[in-house]
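Encoded as structure tokens, the structure appears first; notes follow it.
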Amino acid sequence: MQNLWVFSFEYAGIIKVGGLGEVPANQTKWLANRYNITLFIPSHGVHLKSEIIEKLSLQKLGIETKLSLDALTIGLGDTSEEIHIEYFKGSINGITVIMMVGKNEFSSKILNDPIVYSPDSLTGKFVLFSHGMKFYIQHTLHKKPSDLPHLIHCHDHHGVPALMCCRQSLIKENKDVPTLLTIHLMSWPRLNLDFLLACGVENTNFDVFVGGEHNTYDLTEFYRLCKGSEALEPTLEKIGVFFADLVTSVSEDYALSNVVGNLGGGWIFPKIDFTWNGCDWDYNSMVESVKTDFEHELKVLDNGETTWYSRNNLRNFLLTRGFSQMSEVEPIIPSKKVREYLQETLTFFPFVKDKDGIYRGKLANFYEDGPLIITTGRVSKQKGIDILLDAIPLVLKNHPDAKFVLSVLPTEFSIPDIESYLGRIKMYKNNVRMIFGGVNTLFYLMYLAADIYCAPSRWEPFGITALEASISKDIVVASQTGGLQEIVLDVSKAKAKATGILVHVEEVEMFASAISDLISVIKIEKLSESSLKSDLESIRKLTKSIVNPDVEKMIKLYPNYATILRENAYNRVVNEFRWKRVTQKLPKLYDQAIINRGNNI
């Protein structure tokens, strides 16, 4: 089998911040029977965790590298620093894991920083990971050349300097290697030529496949090619897509509109492709998990349902009793800086004190049940949390009983965004709860209890959370951008085969209307089995309140349209977005990367 090396700063089961970590973990799981796969990842401090050591059977590899580095060049000091890196080896999902660990004080502060994307250590991680890979591939060249990669797959820009160093090391020995770069989300890090040199990239000649043909450049010439006529330095992402033999993204729209549109146009168009992300959540397993965790509480909750774990019962429980079920350590927030900020700031209702009298993000329950809209994800401008918050008062005009639960992951970059959210939360104490941090206790319960899932992103390369909501049988309202528009089948086009509603980006009123319309659809379905005159009148009023004519048409044809949307969403994930299915495209892309590298390997 061919040797496949994978570079990633995240990997689910080891350390994960967002959706990126799910991708290499699930792709390699389904490729392990076709390739000998080795994952390379900075330690981020997890080599010290007993559960990770046991899970990966993690052991020291017995090799180390030492070098001196000008810390001023990488913005981490003004003197020369000694770098000391050691390597740990383990395995997960049938693949080998090589973890880079900082051994001396300076290296440890960078490679072992538990905040994966900390502004204090991130660029340093680029540099040390690159030098670490350069040493490792040279060590492999001389000690065990049979382990050398036949192809390298790099996830996002973090590993681009390492990718360049590895190819240069192999080229010196007449052993070039094809490379594939996947852009998950562009973040526009602009780094100069000196930075690449500080990463260990050398000013030697190498061949690149750009503009549909091969050309040879040294590093300085290549850097000028990437920069083009721009006044600013090229982004590390642009350097990566020019360098790689094949470039992919996680949806067709993001690949063409964003990656090609912003990172090279015709120069990279001949080598661009995409492969969707997936979701392997199992609905029945989620239900069983929630039943096990909350069986006693749910059985005593009489909501007039024949099934004690029905969506209505789960929602009622979550809203009126569930928030008090958080464990003592939740919400989980890795960053000490963010934790301290929230402790100082979350001093008002509905946030409540812990037993020790400190505010840590615990929440008061709602006083009553109501239609539930949820969203999840990182706190960032990209995710559009503020758009949903602005839509809330418009929804409440039509449905004052609506409840919104926003479970978000704060980062050190997002404190200004959090400040802007808090004023809105105070205004809607009876309708809004915002969870800052991870809440494993309520995670599946939240998805299974929700009526509607909102993804109001300003841009979204893919949108795994929309898949997770769909497999949970939530109706999705999402921005018409990136992968979201490839996941969600809109009512206006798909009619009876729809899975949700797509809304123009940043259109607050349209988001509010879509949510309101779907709440009406859900309420109509609940009332439709009744023959009471009052219920029939309520159905008439709810139908009249619907703004979207296609939604109105569907609910008139199908009084159970809410159930139809839920089942459609579930079936779409099962049939189109399981990891086993979407990963089938990757070997073809690897073959294309090899073809693009051509006679140079």
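The values are calculated or read from the model by the stated rules, or taken from the named source; none is laboratory data. Here the structure is a predicted model, which is why all the values come from computation and not from measurement. Ideal geometry is used to build each Cβ from the backbone, glycine not excepted, and the neighbour counts take in all protein chains shown.
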Completion exercise
Output for Cβ contacts, cut-off 9 Å, separation at least six or different chains, first residue on the phi > 0 side of the Ramachandran plot and among the hydrophobic types (A, V, I, L, M, F, W, C) in region 199-222, second at pLDDT below 95 and surrounded by fewer than 18 Cβ atoms within 10 Å (Cβ to Cβ), reads none
Practice task
For region 262-272, state whether one or more residues are crowded, with 16+ Cβ neighbours inside 10 Å and either under 20 Å from the mean Cα position of the chain (by Cα) or in the same structural domain as Arg321 (by TED's automatic domain parsing) (or both).
Solution key: no
Practice task
Test Glu233 against the stated conditions and say whether it is acidic (Asp, Glu), touching a helix residue (DSSP H, G or I) at 6+ places or on another chain (Cβ under 9 Å) and over 25 Å from Leu484 (Cβ atoms).
Solution key: yes
Completion exercise
Conditions (1) within 21 Å of Ala198 (Cβ to Cβ); (2) in contact with a helix residue (DSSP H, G or I) (Cβ under 7 Å, 6 or more places away or on another chain); (3) not in a loop (DSSP other than H, G, I, E, B) -> Ser91 fails only (1)
Handout entry: Extreme residue, farthest from Pro24 (Cα to Cα), among residues of region 236-263 that are of a type in the set (S, T, N, Q) and in contact with a helix residue (DSSP H, G or I) (Cβ under 7 Å, 6 or more places away or on another chain)
Key = Ser251
Practice task
Could you list, in sequence order, all residues of region 1-53 that are modelled with pLDDT of 95 or more, in a helix (DSSP H, G or I), buried (at least 17 other Cβ atoms within 10 Å of the Cβ) and hydrophobic (A, V, I, L, M, F, W, C)?
Solution key: Val23, Ala25, Trp30, Leu31, Val46, Ile52
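For residues that are surrounded by fewer than 19 Cβ atoms within 10 Å (Cβ to Cβ) and in a helix (DSSP H, G or I), scanning just region 54-64, find the one that is farthest from the chain's Cα centre (by Cα).
Out of the qualifying residues, it is Glu54.
Filter the helices (runs of 4 or more DSSP H) completely within region 278-395 down to those with at least 2 residues that are buried (at least 19 other Cβ atoms within 10 Å of the Cβ) and not assigned by TED's automatic domain parsing to the domain that holds Ser479.
Values: elements: 283-299, 311-320, 336-345.
In region 278-395, there are no helices (runs of 4 or more DSSP H) which contain 2 or more residues that are buried (at least 19 other Cβ atoms within 10 Å of the Cβ) and not assigned by TED's automatic domain parsing to the domain that holds Ser479.
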Problem - Where Leu163 falls short, out of the listed (1) assigned to a helix (DSSP H, G or I); (2) surrounded by fewer than 23 Cβ atoms within 10 Å (Cβ to Cβ); (3) in contact (Cβ under 8 Å) with a residue 60 or more places away in the chain - result: (2)
Exercise for the section: Could you check, for region 455-463, whether at least one of its residues is part of a helix (DSSP H, G or I) and either assigned by TED's automatic domain parsing to the domain that holds Val395 or farther than 20 Å from Asp390 by Cα (or both)? Expected result: no
Fill in the blank from the handout: Among Asp273, Asp253, the single one that is in a helix (DSSP H, G or I) and on the phi < 0 side of the Ramachandran plot is Asp253
